[in-house]
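See below for the structure under consideration.
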Amino acid sequence: MARIVAGVTSSHVPAIGAAIDNHRTSEPYWQRVFEGFERSKEWMAKTRPDVCIVVYNDHASAFSVEMIPTFALGTAAEFPIADEGWGPRPVPVVKGHPELASHIAQSVILDEFDLTLCNKMEVDHGLTVPLNLMFGSPKEWPCPIIPLAVNVVQFPPPTGNRCFNLGKAIKKAVESYPQDLRVVVFGTGGMSHQISGQRAGLINSKFDHAFLDGLTKNPKKLTRLSHLELMREAGAEGVEMVMWLIMRGALDEKVDEVYRFYTVPASNTAVGHIILENRIKGAKKAAAKSKKPAPKLKRAAALQKVHRVRS
Ligand code: DHB
Ligand code: FE
């Protein structure tokens, strides 16, 4: 049986991609951002997922403003890199997992979430920047990626509650896939930012930290935030954070927060990042039988103080 082992969130600021592509990551401004993901890359290299589901938003690359699906699942074998005006980013082509993606489509659509299925789709910085932050810049991405594009660019985006419930449906879908696959789900975008209008440049760190706390401990509360509240507190583009609730809905109710990083700013945006792990099922019982401490408990002890980095 496939299972979701962890969820990660990360901002997708396009300038982060440009800093990587133009070899500027060691400049002090960017170093501050990239340093925060060093541990994350180590975590990813240790976790070695078989597949990642990346919840992200397209920025008028695959879908023009003429046609914007609310939820679009990538079922193709490959997703070419979109040209966002400066040529495609020099990152590896994204390889999909058509079998698992089709299985998710079938399960989730029969659970009454009407996904758009994309058998051909280009992916933009919304997906590639988080991949770089978590995997670095390898020659090939180390595992297949299933893209799930969410409309957060044209009103109305889906509610946080719908996103959370879609995450639950994805969890059910993954857990009914017969092959043993370890899956990591990404929730991308955010945190607080507003790119245009009178409040351009808005950052609300207090709100961001409360959102990160809520994501780990009480995501239900976050699902009750209206779009207007999210935009008032976190800026017009802060509404991207509904995507994080798909990731959270796909995890168990109780999770271990194993890492958190927050820094301001990257371009116009607060960079927030968290890694949440599902607890290993039956670990307590198995440990009681064998009298060895459960992996979860060992890990919980080791990580009693979550690594939190703020800059
Ligand atoms: C920026 C952030 C975004 O999320 C985005 O989609 C475009 C630009 C920025 O901070 O510049
Ligand atoms: Fe964005």
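Taken together, the values in this text are just the output of simple stated rules run on the coordinates, not laboratory data. Treat the numbers as computed from the prediction; the structure is a model and nothing was measured. With ideal geometry, Cβ positions are generated from the backbone for all residues, glycine too; neighbour counts draw on all protein chains shown.
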For the stretch 3-309: relative contact order, % (alpha-carbon pairs under 8 angstrom, 6 or more apart): 27
Order by protection proxy (mean Cβ within 10 Å, highest first), peptides 35-44, 238-247: 238-247, 35-44
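With a ≥ b ≥ c taken as the square roots of the eigenvalues of the C-alpha gyration tensor of the stretch 4-113, please select rounded if a/c is under 1.5 and otherwise prolate if a/b is larger than b/c or oblate if it is not?
Details: a/c = 2.18, a/b = 1.37, b/c = 1.59.
Oblate is the answer for the stretch 4-113, as a/c is 1.5 or above yet b/c matches or exceeds a/b.
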Electrostatic dipole magnitude of the stretch 121-224 [Cβ: Lys, Arg +1; Asp, Glu -1; Cα centre; debye, to 20]: 580
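How would the stretch 3-309 be classified by its alpha-carbon gyration tensor: rounded, prolate or oblate, with rounded meaning a/c under 1.5 and the a/b versus b/c comparison settling the rest?
Details: a/c = 1.34, a/b = 1.19, b/c = 1.13.
Cα axes put the stretch 3-309 in the rounded bin.
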Theoretical ellipticity at 222 nm over the chain - DSSP helices of four or more residues, -39500 (n - 2.57) apiece, nearest 500: -11000 deg cm²/dmol
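Residue separation times 0.36 nm, minus the C-alpha to C-alpha distance between R308 and A210: what's the value?
Numbers: separation 98, 0.36 × 98 = 35.28 nm, distance 1.41 nm.
Length gained, R308 through A210: 33.9 nm.
Based on the mean of other Cβ atoms within 10 Å per residue, sort peptides 178-189, 254-265, 52-63 so the most packed one is first.
Numbers: 178-189: 21.2, 254-265: 18.8, 52-63: 23.8.
Those peptides, ordered most packed to least, come out 52-63, 178-189, 254-265.
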Pairwise FRET efficiency - S64 versus S267, Cβ, R0 = 30 Å, nearest 0.05: 0.80
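Looking at the chain only, what percent of DSSP beta bridges run antiparallel? Nearest 5 please. Walk me through the numbers before you get to the answer.
Working: 19 of 44 bridges.
Percentage antiparallel, nearest 5: 45.
Is the shape of the stretch 104-154 rounded, prolate or oblate, going by the alpha carbon gyration tensor and its root eigenvalues a ≥ b ≥ c, with a/c under 1.5 for rounded and a/b larger than b/c for prolate?
Details: a/c = 2.57, a/b = 1.77, b/c = 1.45.
Prolate shape, in that a/c is at least 1.5 and a/b is the bigger ratio.
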